[in-house]
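The values are calculated or read from the model by the stated rules, or taken from the named source; none is laboratory data. Note that the coordinates shown come from a computational prediction; the quantities given were computed from them, not determined experimentally. Here the Cβ positions follow ideal geometry from the backbone for every residue, glycine too, while neighbour counts run over all protein chains shown. What goes into the accessible areas is simple: the full protein's heavy atoms, side chains included, and nothing from ligands, DNA or RNA. Shrake-Rupley method; radii C 1.70, N 1.55, O 1.52, S 1.80 Å.
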Amino acid sequence: MKKKYKAFIIVIVLILITTVVSVVNQKSTANIRVHDFYSLASYDCDENSFDKFRKDSYNWYKSIENEDGVYLINTAHYAKKVLKIWEKEEVYKSVPKNAFWYFAASPSYLNTIGINIEDAYLKQAENGVRLYMIPDTFSKEEMEAMTDFLKEDALKSVEQSSIKTAFTDNQKIKIITYTPKDDYFTWPSEKGQPLTDQAPVIYVCTSENMKYYENESLTATGINSYIKFKNKETMAKYSNDTIIEKYQLNFTPSSDIYNAAHESKMVSSNVKKVFA
């Protein structure tokens, strides 16, 4: 009888935990409203032209990055198990202590989520200084570990870039803190990832402070895309640009991209509900 009673208690506890998680998820989803930006969904480019496509995409983004309604956002979540692998295999000399979200975001995107950058720092980023923002909610130990990691990561394989920028030439880095004031949408790319994070580590991304990882990834599509447009009207302003026709670039609402990702079981169903 005691074994049955214990088993019954365990089942009840599991049901309660599942219910609480479900309620929390529903509540957080209900409170999130993300603008339905247009993201790159597809393109037409053969393998022989791909390097040229990457360079053309970089030059195109560079020419429009300061226009109204043009954004860049790409995120990644580094779980504890990933950090342990980095440490074990000595991928980095300095490894952050705790799991974290990493946002590569343009100043224009950060402005839309209420994170503003002082003009002096913004100018540095635009001139090629690799600018990072660490939440001031981190402990001293976390701050030091993250600072060392970001500096190391910024310079890692920087010479690989086939697209030269001011950063790849000068390799200057600036790290500052910011005060998180909201729950920030994470643009999840895997099933089970949370929709928001309160303290992401931010790389303030400009065309001149990119290295190969970003400037060769501007062609990424779907939930991994970088370039975003505010809406269809903004996208239409660039519909006659040579690159659009040459590579048949197709930008679609992010909600459609996430709907397709959910149908393919790449992300959780609650992501579909956040787009305004």
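Tabulated data for the structure shown
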| quantity | calculated |
| --- | --- |
| Only one of PHE275, PHE251, PHE229 that is buried (at least 21 other Cβ atoms within 10 Å of the Cβ) and out of contact with any Leu (no Cβ under 8 Å at 6 or more places or on another chain) | PHE229 |
| Total residues in segment 158-191, condition over 16 Å from the mean Cα position of the chain (by Cα), modelled with pLDDT under 95 and small (Gly, Ala, Ser) | 2 |
| Conditions (1) within 13 Å of MET133 (Cα to Cα); (2) more than 18 Å from the chain's Cα centre (by Cα); (3) open to solvent by less than 80 Å² (accessible area, probe 1.4 Å): number failed by LYS151 | (3) |
| Flag for ILE175 being assigned to a loop (DSSP other than H, G, I, E, B) and touching a Lys or Arg at 6+ places or on another chain (Cβ under 8 Å) | no |
| Selection count where residues are more than 13 Å from LYS172 (Cα to Cα), in a helix (DSSP H, G or I) and either hydrophobic (A, V, I, L, M, F, W, C) or in contact with a Lys or Arg (Cβ under 8 Å, 6 or more places away or on another chain) (or both), scope segment 123-159 | 7 |
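Residues are listed down the side, and each one gets a yes or a no for (1) surrounded by 19 or more Cβ atoms within 10 Å (Cβ to Cβ); (2) under 18 Å from the mean Cα position of the chain (by Cα); (3) of a type outside the set (Val, Ile, Thr); (4) outside any loop (DSSP other than H, G, I, E, B):
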{"position": "PRO194", "(1), (2), (3), (4)": "no, yes, yes, no"}
{"position": "ILE202", "(1), (2), (3), (4)": "yes, yes, no, yes"}
{"position": "SER207", "(1), (2), (3), (4)": "yes, yes, yes, no"}
{"position": "LEU218", "(1), (2), (3), (4)": "yes, yes, yes, no"}
{"position": "ASN240", "(1), (2), (3), (4)": "no, no, yes, no"}
{"position": "ILE243", "(1), (2), (3), (4)": "no, no, no, yes"}
{"position": "SER255", "(1), (2), (3), (4)": "no, yes, yes, yes"}
{"position": "TYR258", "(1), (2), (3), (4)": "yes, yes, yes, yes"}
{"position": "ALA261", "(1), (2), (3), (4)": "yes, yes, yes, yes"}
